[in-house]
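Colleague: Structure in structure tokens, see below.
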Amino acid sequence: MERITKADDRVHRPAGPWTPTVHRLLTHLHERGFVAAPAPIALGEQLETVTFVPGEAGEYPWTADVASEAALVTTARLLRQFHDAAASFPRDDATDVWSQAERLPVETIVHGDFAPYNVVYDGIAAVGVIDFDTAHPGPRVWDVASAVYRFAPFTSSADEGAPVPEFADRVTRAAEFCRAYGLDARSRSVLVETMTASLVSLVTTLETEAAAGNPKFVSDLAHGHAELYRADVAWLEEHGDAITAALV
Ligand SMILES: Nc1ncnc2c1ncn2[C@@H]1O[C@H](COP(=O)(O)OP(=O)(O)O)[C@@H](O)[C@H]1O
Ligand SMILES: [Mg+2]
């Protein structure tokens, strides 16, 4: 059976210990007027049910629309709206469970895997954000860094076979994302090191989960994802100063 199934306007997904907290977050987002996230419908022992967000997830290979500068801008604005709505989430540290450790400084609840494949598009318009399993308290730049990594892109894994834009164009896209988001100067100055930190954390998660036998991560590891992220970390160490110079 498929891990994630859709029926009518509902999506059924595996639930985890963090799902009650994530549902509280999703409810809060809707109450704050951020309706681009799924709304929680039900929570069982094994499965959660949320609303289907209409549109197309930005899966690889990208459409011309998703690859466009306009999509970059609408994505950054949507991330900003999500962070602004999540910032007032009433935390309850006695009962909240997140799948990821909190990251300092806590400015909002971050998505934790903000990437094209977890954003839903209607043409060039980013209209949805899905897959909140990795949400946790953290700094805004945590999500901006992962978005810039995928959208500039500064990853070698983006689109197999697709032409990679010139370095200068990718840096311009990174700066454009930060501008459209309205990222502050301090966050821009740590964006590249945050990107590296999130890749290192991704590798740790991947290897830990694969070792524990989690099938999704066993497959990712077998497909060479850990080596790829390590190569991207090395690449960022080489080019980080040039990227930061264009962002601050
Ligand atoms: N609430 C939703 N609305 C629309 N599409 C969804 C929703 N949840 C999942 N999907 C679709 O299923 C795919 C995988 O779901 P996702 O929640 O991202 O899980 P995972 O990344 O862990 O496989 C998404 O890329 C999207 O196409
Ligand atoms: Mg996903």
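The values are calculated or read from the model by the stated rules, or taken from the named source; none is laboratory data. Given the structure is predicted, the values throughout are model-derived calculations rather than measurements. All Cβ positions, glycine included, derive from the backbone under ideal geometry; neighbour counts span all protein chains shown. Protein only, heavy atoms only, side chains kept; ligands, DNA and RNA dropped before computing areas. Shrake-Rupley method; radii C 1.70, N 1.55, O 1.52, S 1.80 Å.
Colleague: Might you check whether a residue that is in contact with a His (Cβ under 7 Å, 6 or more places away or on another chain) and over 21 Å from residue 61 (Cβ atoms) occurs anywhere in the stretch 161-170?
Modeller: No, that holds for no residue.
Colleague: Moving on. Of all helices (runs of 4 or more DSSP H) completely enclosed by the stretch 169-228, which ones contain at least 3 residues that are of a type in the set (Gly, Ala, Ser), open to solvent by less than 60 Å² (accessible area, probe 1.4 Å) and more than 16 Å from residue 156 (Cα to Cα)?
Modeller: Those helices (runs of 4 or more DSSP H) span 191-211.
Colleague: Only one of these is in the same structural domain as residue 194 (by TED's automatic domain parsing), of a type in the set (A, V, I, L, M, F, W, C) and within 15 Å of ligand 2 (Cβ to nearest atom): 180, 147, 175, 125. Name it.
Modeller: Step by step, each of 180, 147, 175, 125 is checked, and only 147 is in the same structural domain as residue 194 (by TED's automatic domain parsing), of a type in the set (A, V, I, L, M, F, W, C) and within 15 Å of ligand 2 (Cβ to nearest atom).
Colleague: To continue, here is another question. Only residues that are in contact with a Ser or Thr (Cβ under 8 Å, 6 or more places away or on another chain) and within 16 Å of ligand 2 (Cβ to nearest atom): list them for the stretch 14-33, please.
Modeller: 16, 18
Colleague: Quick check on the stretch 41-96: of everything there that is open to solvent by 40 Å² or more (accessible area, probe 1.4 Å) and β-branched (Val, Ile, Thr), which residue is farthest from residue 8 (Cα to Cα)?
Modeller: Ranking the candidates gives 95 first.
Colleague: Restricting attention to the stretch 17-38, which residues are open to solvent by less than 20 Å² (accessible area, probe 1.4 Å) and not in a helix (DSSP H, G or I)?
Modeller: Scanning the stretch 17-38 gives 34, 36, 37, 38.
Colleague: Still on this structure, I have one more. Given the criteria within 22 Å of residue 108 (Cβ to Cβ), assigned to a loop (DSSP other than H, G, I, E, B), within 16 Å of ligand 1 (Cβ to nearest atom) and in contact (Cβ under 8 Å) with a residue 24 or more places away in the chain, does residue 54 qualify?
Modeller: No; evaluated as a whole, the condition is false for this residue.
Colleague: All but one of (1) more than 16 Å from ligand 2 (Cβ to nearest atom); (2) exposed (fewer than 12 other Cβ atoms within 10 Å of the Cβ) hold for residue 2; state the number of the condition that does not hold.
Modeller: Against the list (1) more than 16 Å from ligand 2 (Cβ to nearest atom); (2) exposed (fewer than 12 other Cβ atoms within 10 Å of the Cβ), residue 2 comes up short only on (1).
Colleague: Let me ask something else about it. Filter the stretch 1-13 down to the residues that are assigned to a strand (DSSP E or B) and near ligand 1 (Cβ under 8 Å from one of its atoms), then identify the one that is farthest from residue 134 (Cα to Cα).
Modeller: Taking the candidates together, the pick is 6.
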